[in-house]
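Okay, so here's the structure we're looking at.
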Ligand code: SF4
């Protein structure tokens, strides 16, 4: 098994052992009830979840979670889907939210119609957020506003926590544009196994996945230490002078990797753009800066060019 999948796989395995033993003891195994709302975003996080392979989404849905509502995956549509959504909230459930919450105008983001009334993103987060036993904010839009709230933000989009006007202790923040499938599945596995979220840091991110910076585990770190910096894309050395945001971005991308544990941005020769940083995208842009420009900025005292090895 790939190194990156281990932590999630261990959690799922523990859950399976626990489930088997409760079946043996004649207890009825309860699936975790999950409602997934797609608010103001691009649906990239649910698409990313479909790429999960360890375990695959199919296994998750068959054996571990009861996904009561997700407008991209469910077969029901229109009023019937909305009726299912509201009925599901009558029992205990965990709420996953992707996308920011548009606050400027109720009509900006309507998630559906229920009993003839349009339900806005803002109304949905208030109603379901207050009833959920826990909330998982999935992706950078849900956690910090992300691209949906970037300048000039005509929709007045804000994060889930801001829309609820609180950083509830139980809002788990899974940053990333998109969120890695393992970060979400691993968080769910922790809920299933221990009945609570994994240990969180001061930004409510699970330390399990967001404990250290990308820079700490980067395969090009030795070039950084030896001050050998790429001046053009395609050079196989440290890309800090090209704008790499690995030093300020906390995720386990270098060891976990993406697309079935195949590769990750720096491995594919592109700088980290800081998509899992709270200030993404306004605060981490430009995503690529050219060395020449950086040198010009340094002369004007606007940029600190890393010094070359003597
Ligand atoms: S490429 Fe980025 S993450 Fe890797 S060592 Fe350089 S600055 Fe750090």
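The values are calculated or read from the model by the stated rules, or taken from the named source; none is laboratory data. All values reported here derive from a predicted model rather than from experimental measurement. All Cβ positions, even for glycine, are placed from backbone atoms using ideal geometry, and neighbour counts span all protein chains on display.
Numbers at a glance
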{"quantity": "Condition met for residue 73 (within 20 Å of the chain's Cα centre (by Cα), within 15 Å of residue 188 (Cα to Cα) and modelled with pLDDT of 90 or more)", "calculated": "no"}
{"quantity": "Residue within the stretch 24-32 that is in contact with a strand residue (DSSP E or B) (Cβ under 8 Å, 6 or more places away or on another chain) and either modelled with pLDDT of 80 or more or under 29 Å from residue 261 (Cβ atoms) (or both) present", "calculated": "yes"}
{"quantity": "Any hit, the stretch 199-219, residues being surrounded by fewer than 19 Cβ atoms within 10 Å (Cβ to Cβ), in contact (Cβ under 8 Å) with a residue 60 or more places away in the chain and away from the ligand (no atom under 15 Å from the Cβ)", "calculated": "yes"}
{"quantity": "So residue 227, is it in contact (Cβ under 8 Å) with a residue 60 or more places away in the chain and within 16 Å of the ligand (Cβ to nearest atom)", "calculated": "yes"}
{"quantity": "Odd one out for residue 229, checked against (1) assigned by TED's automatic domain parsing to the domain that holds residue 289; (2) at pLDDT below 95; (3) surrounded by fewer than 21 Cβ atoms within 10 Å (Cβ to Cβ)", "calculated": "(3)"}
{"quantity": "Residue in the stretch 47-58 that is under 25 Å from the mean Cα position of the chain (by Cα), buried (at least 20 other Cβ atoms within 10 Å of the Cβ) and at pLDDT 95 or above present", "calculated": "yes"}
{"quantity": "Subset of the stretch 266-288 that is over 20 Å from residue 138 (Cα atoms) and part of a loop (DSSP other than H, G, I, E, B) - its residue that is nearest to the ligand (Cβ to nearest atom)", "calculated": "271"}
{"quantity": "Any hit, the stretch 243-265, residues being touching a helix residue (DSSP H, G or I) at 6+ places or on another chain (Cβ under 9 Å), within 13 Å of the ligand (Cβ to nearest atom), at pLDDT below 95 and not assigned by TED's automatic domain parsing to the domain that holds residue 179", "calculated": "yes"}
{"quantity": "Selected residue (criterion: surrounded by the most Cβ atoms within 10 Å (Cβ to Cβ)) from residues of the stretch 77-90 that are modelled with pLDDT of 95 or more and not in a helix (DSSP H, G or I)", "calculated": "89"}
{"quantity": "Filter result for the condition that a residue is over 20 Å from the mean Cα position of the chain (by Cα) and either closer than 27 Å to residue 11 by Cα or in contact (Cβ under 8 Å) with a residue 12 or more places away in the chain (or both), over 105, 182", "calculated": "105"}
{"quantity": "Options 195, 146: the member that is farther than 30 Å from residue 102 by Cα and either modelled with pLDDT under 95 or in the same structural domain as residue 48 (by TED's automatic domain parsing) (or both)", "calculated": "195"}
